[in-house]
1. Could you sort the peptides 199-210, 65-76 by per-residue average Cβ neighbour count (10 Å cutoff), highest mean leading?
2. Please report, as a whole percent, how much of the solvent-accessible surface of the chain comes from carbon and sulfur atoms (probe radius 1.4 Å).
3. Modelling each spin label as a point 7 Å along the Cα-to-Cβ direction, I'd like the A126/E97 distance in nm, to one decimal.
4. Compare the Cα positions of V213, I26, W101 along the charge dipole of the chain (+1 at Cβ of Lys, Arg; -1 at Cβ of Asp, Glu; about the Cα centre) and return the one farthest towards the positive end.
5. Determine which lysines satisfy two conditions relative to K150: a Cα distance under 19 Å, and not lying fewer than 8 residues away in the same chain.
6. Given labels modelled 7 Å from the Cα in the Cβ direction, how far is it in nm from F30 to T146?
7. Considering only DSSP beta bridges with both partners in the chain, what is the antiparallel share in %, to the nearest 5?
8. Report the charge-dipole magnitude of segment 89-240 in Debye, nearest 20, computed about the Cα centre from +1 at each Lys and Arg Cβ and -1 at each Asp and Glu Cβ.
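The values are calculated or read from the model by the stated rules, or taken from the named source; none is laboratory data. Given the structure is predicted, the values throughout are model-derived calculations rather than measurements. Ideal geometry is used to build each Cβ from the backbone, glycine not excepted, and the neighbour counts take in all protein chains shown. Heads up: the accessible areas ignore ligands, DNA and RNA and are worked out on the full protein's heavy atoms, side chains in. Shrake-Rupley method; radii C 1.70, N 1.55, O 1.52, S 1.80 Å.
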Amino acid sequence: MPLELYLDLHSQPCRSVFLFAQINKIPFEFKAVDLSAGEQYGEEFGKVSIIRRVPVLKDGDFILTESIAILQYLAAKHHTPDNWYPTDLQKRARVDEFLSWQHTNIRTHGSKVFWFRGVMPAVTGAPVPKEKMDAAVEDLNASLKTFEDKFLQSRPFIIGDKISLADLVAIVEIMQPVGTGLDVFQGRPALSAWRDRVKKEIGVEVFDEAHKVIMNVDTLAQTFENKGLPEFLKLKIQRMFN
């Protein structure tokens, strides 16, 4: 019986898990959870995870939340190629270092820009105030500079000559604000070259397929209207960034 992955590909952690499973041909059953419809708050999903967030892995009776834990579990259980999560102590430490850092940096700032440029205007019908938007983009730019200067440097990939979980998570996080039309690669030739290498290693077709859903944020308002965004969820979204 294949494991089950509860995912919504609008979410960058879900895309990381989805891509890793696809790249490594790990069999799984895709359990779609529509975050925009509030399905994570439904009774059925609550039986799977009381945290009510995706991704979630269900392997028989074993349930695991948190994308990084899921990636590490999949790498270990399915004996994926060593470059993804190296057995070499120092290389693995470099992967772990980035995965620990990105939570409160690229993910936080990239997500905020995505919400400010894409989700909030679709929910409220009004743009986010310019000073808030400028501050969010400034924070994202600072994180990207740290990523280039500290984690990437002049290497092809974060830990050297081969792609790892760190690169996979990084590219997915960086693509989130790109989906709103903000080209974070413009004027960053080293970052652009790294992106191209990562896409090639992942596979351009599967990469583009996974990111297709966030490259059309202009349709979010219509999506929310068609689905009837639950009022409690609309209020929750509005409170997030007040």
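1. On the way: 199-210: 15.3, 65-76: 18.8.
Per-residue mean Cβ counts within 10 Å order the peptides as 65-76, 199-210.
2. Numbers: 6270 of 12150 Å².
Carbon plus sulfur share of accessible area: 52 percent.
3. If labels sit at A126 and E97, their model points lie 4.5 nm apart.
4. Comparing the listed Cα positions along the dipole, W101 ranks first.
5. List returned: K91, K162.
6. For F30 paired with T146, the spin-label model returns 3.4 nm.
7. Details: 8 of 13 bridges.
Taking every DSSP beta bridge with both residues in the chain, the antiparallel ones total about 60 percent.
8. Details: 22 positive and 20 negative charges, 57 e Å.
Using only the charged Cβ atoms, the result is roughly 280 debye.
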